[in-house]
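A short worksheet on the structure shown next.
The values are calculated or read from the model by the stated rules, or taken from the named source; none is laboratory data. Please read all numbers here as calculations on a predicted model, not as lab measurements. Using ideal geometry, Cβ is built from the backbone for each residue, glycine included, and neighbour counts are taken over all protein chains shown.
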Amino acid sequence: MRKLILLGLIALAATALAVGSASADDDEHEDDGTKTWRVTISNLTPAGPGAPGSQPLSPPLFVVHSRQANVWSVGQIASHGVAAIAEDANNAPLESALPAVQGVKTVFTGAGGPIPSGATRSFTVETSGRFNRLSVVSMLVNTNDAFTGLDSLRLRGHGSAHETMAYDAGSERNNELKSHIPGPCCGNPFVRDPEGAVIAPHEGITGGGELNQALYDWNGAVARITIERVS
């Protein structure tokens, strides 16, 4: 009896492995050919009493890649490049490093500068074959190290829409001191208060430092990212 049960479990495991392998293989080979997508980012943070509002989004970094590559994920330590964006809106380290990473097809910074609160801007990305994932990173610039974006979203069908939250990169303490924040509120990039935590949901502006909570805080989602198949 035990032998029959053991044989049954082995057969079940083999079947699951075969299905998993087939799914992975399908993922690698489907969607052959180049596809063009319009990616529209809307800044949902409060407009505030003065331009450009409470939390402009820094020029977003776009990465088209396969499932072999990973740019950022909640619960992981932010890479040097992700931390550079989250702390200082500095895309250069990640834009320079990622093309050498296996599984990465395209890396670029979206044109047009920061996206003000309440504003919307569209960009174009191309996918092909197994390179059908999109990651995006953009800083909330009046913070220590808050960012938003997409984590390895698979582009398929006619597209999708996502309301994204703010994440704490965990690389700098949220001291909310003007001396450590690069945005228009403060103008002090490249000054750090290292923390060493993992990427996690951001608790928002607490008013524990020099930032006015009523002006710079946000509620719920900070961006809406809409993806539409163009061709």
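At a glance:
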{"item": "Matching residues in region 201-230 - criterion: being over 24 Å from the mean Cα position of the chain (by Cα) and either exposed (fewer than 12 other Cβ atoms within 10 Å of the Cβ) or among the basic types (Lys, Arg) (or both)", "result": "GLY208"}
{"item": "Residue in region 26-48 that is surrounded by 14 or more Cβ atoms within 10 Å (Cβ to Cβ), modelled with pLDDT under 95 and in contact with a helix residue (DSSP H, G or I) (Cβ under 7 Å, 6 or more places away or on another chain) present", "result": "yes"}
{"item": "Options THR148, THR127; residue that is crowded, with 19+ Cβ neighbours inside 10 Å, in contact with a Lys or Arg (Cβ under 7 Å, 6 or more places away or on another chain) and outside any loop (DSSP other than H, G, I, E, B)", "result": "THR127"}
{"item": "Test result for SER73, in a loop (DSSP other than H, G, I, E, B), among the hydroxyl-bearing types (Ser, Thr, Tyr) and surrounded by fewer than 22 Cβ atoms within 10 Å (Cβ to Cβ)", "result": "yes"}
{"item": "Selection within region 116-138 - β-branched (Val, Ile, Thr) and touching a Gly at 6+ places or on another chain (Cβ under 6 Å)", "result": "VAL136, VAL137"}
{"item": "Count of region 90-115 residues which are closer than 20 Å to GLY170 by Cα, touching a residue at least 12 places away in the same chain (Cβ under 8 Å) and surrounded by fewer than 21 Cβ atoms within 10 Å (Cβ to Cβ)", "result": "2"}
{"item": "Within region 167-192, considering residues that are of a type in the set (A, V, I, L, M, F, W, C) and surrounded by 22 or more Cβ atoms within 10 Å (Cβ to Cβ), the one farthest from ASP32 (Cα to Cα)", "result": "ILE181"}
{"item": "Checking GLY112 against (1) part of a loop (DSSP other than H, G, I, E, B); (2) out of contact with any Lys or Arg (no Cβ under 8 Å at 6 or more places or on another chain); (3) of a type outside the set (S, T, N, Q); (4) closer than 13 Å to LEU57 by Cα, the condition it does not meet", "result": "(2)"}
{"item": "Selected residue [in contact with a Gly (Cβ under 8 Å, 6 or more places away or on another chain), within 24 Å of ALA197 (Cβ to Cβ) and of a type in the set (D, E, K, R)] from ASP145, ASP88, ASP168", "result": "ASP145"}
{"item": "Restricting region 164-179 to residues that are among the acidic types (Asp, Glu) and under 19 Å from the mean Cα position of the chain (by Cα), the residue that is nearest to THR40 (Cα to Cα)", "result": "ASP168"}
{"item": "Residue among ALA84, ALA51 that alone is modelled with pLDDT under 95 and out of contact with any Ser or Thr (no Cβ under 8 Å at 6 or more places or on another chain)", "result": "ALA51"}
